[in-house]
Amino acid sequence: MNVRRMMGVARKTLRSLRHDRRTAGFLVFMPLFMIAIFGYTFGGDLKDVDVVIVNLDAGGENGSMSAMIIEELSSGETLRLTVLEGAGAVDGEQLVRDADAWAAIVFASDFTARADAAVDAMRAGTTAYPGVLSVYLDGTNPNIAQAVLTEIATTMQRVLLAQYGLMPPIAVSGEMIYGEDAEFIDFFAPGVMGLAAMMVTFMLSIISFVHERTTGTLDRLLTTPATEGEIVGGYAAALGLVALVQSVVILVTAVLLFDVEVEGSILLVLATILLLGIGSQGLGFLLSSIAKTEFQAVQFMPIILFPSILLAGVFWPIEAVPELLRPVSYFIPLTYAVEACRSVMIRGWDLGDVWPQLLVLAAFAAAMLILSAYSLKRRR
Amino acid sequence: MSEGTEDGEDRPAVVTRGLGKSFGDVVAVRDLNLEIGRGVMYGLIGPNGSGKTTIIRILSGLLSASTGEAWLLGERVPARANRPRIGYMPQEMAIYTDLTVHENIDLFGEMYSIPAEERAEREDSLLAMIGLKERRDSLVSNLSGGMKHRVSLACALVHDPELVFLDEPTVGVDPELRKGFWDYFANLKARGKTVVLTTHYMDEAVRCDAVGMMRLGRMIAEGAPMELIESTESATLEDAFIAKAREESA
Ligand SMILES: Nc1ncnc2c1ncn2[C@@H]1O[C@H](COP(=O)(O)OP(=O)(O)O)[C@@H](O)[C@H]1O
Ligand SMILES: [Mg+2]
């Protein structure tokens, strides 16, 4: 293995990227764009979700319980409330049907009365039929529906505790072990990083090599003293570097724009991405021998990318993948990269914890490089 | 013929014994027995599809032969050890269009492990030879077809090889420049290099020391161009080819 020749191939690969401004720009802006879009779409807490409250509650001798709940609800930022008072004000359910609100909360006219009765009964050790609060939800976006329900449930608990000194019979004591301040973006930033690295190295590699094959430059390189291993290694070095640069762009964006926190070692994250990038470019190389034209090469992309996006735990955990498909997840290298990056970034794990994932990725990278070099050695 | 990589000066530049290649049912080359001495300019001539490229690709180590064997500078093909001493210009352009002229030549210089200083000198003289000194930093994709061809030639010669294979080096090169190319090949030969080239413009091959006439994968005649012309009482090498082809069919 002649390192100078290998670096010569790497330099050539990077030089052609430098001349191709559009592609070079794409390589930097694509991940930036991805993280920004995803970040703004899913990121942060929900805010100002439109909710209509139809308050038909007649109140009771100790004041109106619905009013207390409404006041408590409006103190938060999650919901933007429109309160309609009085009998027959509006049909809340219809408002949700018309998509004028994500949710409608309807307090029945005897809400306070029944609640008071139920509270009295509870104190007396008997039971009574509790007050009814109907919530009509638009489940189009499960995230929003879930957030509204959670907000209502916790608010009611707070009101019960503050106004009546009542505690639910079972107390759950929850303590966040990892990701105390984690938001959804913390969860998927590592995923997007892995996805971008894989996508770009695979794409660049398959297209470059189809080009090298069809124009004859690969053959020409093979007639020089450069070995198959040096050619494959040179490409891996160049595209691995591209993957690293991208990851840095994503990390910086995620940290600056979305306050993503990196608990563990950034170097470990980058090492993970490097292994994934090298493996993916090797896969691109291998598939380039099947594709006859660049157009055919492009057709491979969805075949490789869709399973990775859907099954590798980028946006939702592997546990959310149907059990039937889960074995497939474990065959996708991105799964391990995302798992490792996530553990390092959110849980703050180090090499001692994520070595199994890194081992899998290293094996993937090594296998792809060896197979690539071997496939070049075989003459027709 | 012994194997081995040591370079006895007496060993011919190219030797093939019973060399053949089939692609499925297509027999591209059959039973080729070549012997090309050192310092010779040898032309493989014949129409398109007659097997010239296939021969060059087998000798360059890019294709495996179906039958027979071959030696380059005494080393059995694929002659890995002798690669630094062999040059190859493919029939396709086979240069990086997304790199500059300089970057292309430099890359191949690097692949032959030529020290940076010497590489720069070689590049300078090659650029002068192909007349592209001013275009050194142009992207190859911005060059004309003929210019690209010249860059391709320069890439094959960057390591000053002893034996060089040029597959259709003059295709798409304008007549004026074509003469320059041939002058350069003659110059290589004068410096003791062995040049093996192919062309389907048969007439220009009269400048070769020897030509092999290829037809349907078979070598139908071999010899010095003038001898072939005279023995067939032809006016040109192309007429001689036609006469030989008739002889063979008969
Ligand atoms: N890779 C290949 N697969 C199938 N047939 C091929 C291949 N390469 C060459 N051939 C066939 O072999 C014959 C010789 O081709 P070639 O060596 O390119 O001829 P030339 O260089 O003289 O034009 C042709 O019939 C061609 O179609
Ligand atoms: Mg040809």
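Between B:Asp124 and B:Asn33, how many nm apart are label points set 7 Å from Cα along the C-beta direction?
Between B:Asp124 and B:Asn33, the label points sit 5.0 nm apart.
Which residue fluctuates the most in chain B, going by a Gaussian network model with Cα springs under 10 Å, if the choices are B:Glu75, B:Glu117, B:Glu222?
B:Glu117
Hey, in the GNM for chain A with a 10 angstrom Cα cutoff, which one of A:Met301, A:Met199, A:Met176 fluctuates hardest?
Of A:Met301, A:Met199, A:Met176, the Gaussian network model singles out A:Met176 as fluctuating most.
In what order do B:Cys155, B:Cys208 fall by count of nearby beta-carbon atoms within 10 Å, going from fewest to most? Don't skip to the answer; put the middle values down first.
Numbers: B:Cys155 28, B:Cys208 25.
Taking fewest neighbouring Cβ atoms as first place, the list is B:Cys208, B:Cys155.
If you plug each phi of the range B:10-27 into the Karplus form 6.51 cos²θ - 1.76 cosθ + 1.60 with θ = phi - 60°, what whole-Hz ³J(HN,Hα) values come out, in order, with x for Gly and Pro?
For the range B:10-27, the Karplus-derived couplings read 6, 5, x, 5, 9, 9, 10, 10, x, 5, x, 8, 10, 10, x, 7, 7, 8 Hz, x marking Gly and Pro.
Please work out how much length the chain gains when fully extended from B:Arg246 to B:Ala224, using 0.36 nm per residue of separation minus the C-alpha to C-alpha distance, in nm with one decimal. All intermediate terms of the calculation are to be shown ahead of the outcome.
Working: separation 22, 0.36 × 22 = 7.92 nm, distance 1.94 nm.
Full extension of this stretch gives 6.0 nm more.
Mind pulling the angle between the C-alpha long axis of helix A:266-288 and the longest principal axis of chain A? Nearest 10 degrees, somewhere in 0 to 90.
60
Please list, in order along the range B:210-225, the HN-Hα scalar couplings obtained from phi with the Karplus expression 6.51 cos²θ - 1.76 cosθ + 1.60 (θ = phi - 60°), rounded to whole Hz, x for Gly and Pro.
After applying 6.51 cos²θ - 1.76 cosθ + 1.60, I find 8, 10, x, 8, 9, 8, 6, x, 10, 8, 8, 6, 8, x, 5, x Hz.
How much length would be gained if the chain were fully extended between B:Ser231 and B:Asp174, taking 0.36 nm per residue of separation minus their Cα-Cα distance, in nm to one decimal?
Numbers: separation 57, 0.36 × 57 = 20.52 nm, distance 3.14 nm.
Roughly 17.4 nm would be gained on extension.
Karplus couplings for the range A:201-217 from phi (6.51 cos²θ - 1.76 cosθ + 1.60, θ = phi - 60°), rounded to Hz, Gly and Pro as x?
5, 4, 5, 4, 5, 5, 6, 4, 6, 4, 5, 4, 6, 6, 7, x, 5
Could you calculate the FRET efficiency of B:Ser22 with A:Ser289 from 1/(1 + (r/R0)^6), where r is the beta carbon distance between them and R0 is 30 Å, rounded to 0.05? Spell out each step's value before the answer.
On the way: r = 21 Å, r/R0 = 0.71.
My answer for the efficiency is 0.90.
What spacing in nm lies between the two simple spin-label points modelled at A:Ser265 and A:Leu166, each 7 Å away from Cα in the Cβ direction?
Between A:Ser265 and A:Leu166, the label points sit 5.5 nm apart.
Run the quick spin-label model on B:Lys133 and A:Met122: label points 7 Å from Cα toward the beta carbon, then report their separation in nm to one decimal.
9.6
Given the peptides A:183-190, A:271-278, A:358-365, A:111-118, arrange them by the average over their residues of other C-beta atoms within 10 Å, most packed first. All intermediate terms of the calculation are to be shown ahead of the outcome.
Values: A:183-190: 22.6, A:271-278: 26.4, A:358-365: 18.8, A:111-118: 20.5.
Listed from highest to lowest mean packing, they are A:271-278, A:183-190, A:111-118, A:358-365.
Less than 15 Å Cβ to Cβ from A:Asp110, Lys/Arg counted +1 and Asp/Glu -1: what total charge do the surrounding residues give? Display every interim value, and only then the final one.
Numbers: positive: A:Arg114; negative: A:Asp57, A:Glu61, A:Asp116, A:Asp120.
Taking every Cβ under 15 Å from that of A:Asp110, the sum is -3.
Can you compute the FRET efficiency between B:Thr67 and A:Leu149 using 1/(1 + (r/R0)^6), with r the Cβ-Cβ distance and R0 = 60 Å? Round to the nearest 0.05.
Numbers: r = 78 Å, r/R0 = 1.30.
Plugging the Cβ-Cβ distance into 1/(1 + (r/R0)^6) gives 0.15.
Do the sum for chain B: with -39,500 (n - 2.57) for every DSSP H run of n ≥ 4, divided by all residues, what is the mean residue ellipticity at 222 nm, to the nearest 500 deg cm²/dmol?
Values: 7 runs with 83 residues, N = 250.
Using -39500 (n - 2.57) per qualifying helix, the result is -10500 deg cm²/dmol.
Can you tell me which lysines have their Cα less than 22 Å from the Cα of B:Lys193? Leave out same-chain residues fewer than eight positions away.
B:Lys52, B:Lys179
Between A:Asn141 and A:Ser74, how high is the FRET efficiency from 1/(1 + (r/R0)^6) when r is the Cβ-Cβ distance and R₀ = 22 Å? Nearest 0.05.
On the way: r = 22 Å, r/R0 = 0.99.
With a Förster radius of 22 Å, E is 0.50.
List the lysines whose Cα lies under 28 Å from the Cα of A:Lys12, skipping any in the same chain that are fewer than 8 positions away.
Partners found: A:Lys292, A:Lys377, B:Lys133, B:Lys148.
For chain A, with a Gaussian network of springs between Cα atoms less than 10 Å apart, report the residue from A:Gly216, A:Gly352, A:Gly233 with the top mean-square fluctuation.
A:Gly352
Each reported figure results from applying straightforward, stated rules to the coordinates on display, with no laboratory input. Predicted, not measured: the structure shown is a model, and the values here were computed from it. We place every Cβ from the backbone using ideal geometry, glycine too, and count neighbours over all the protein chains shown.
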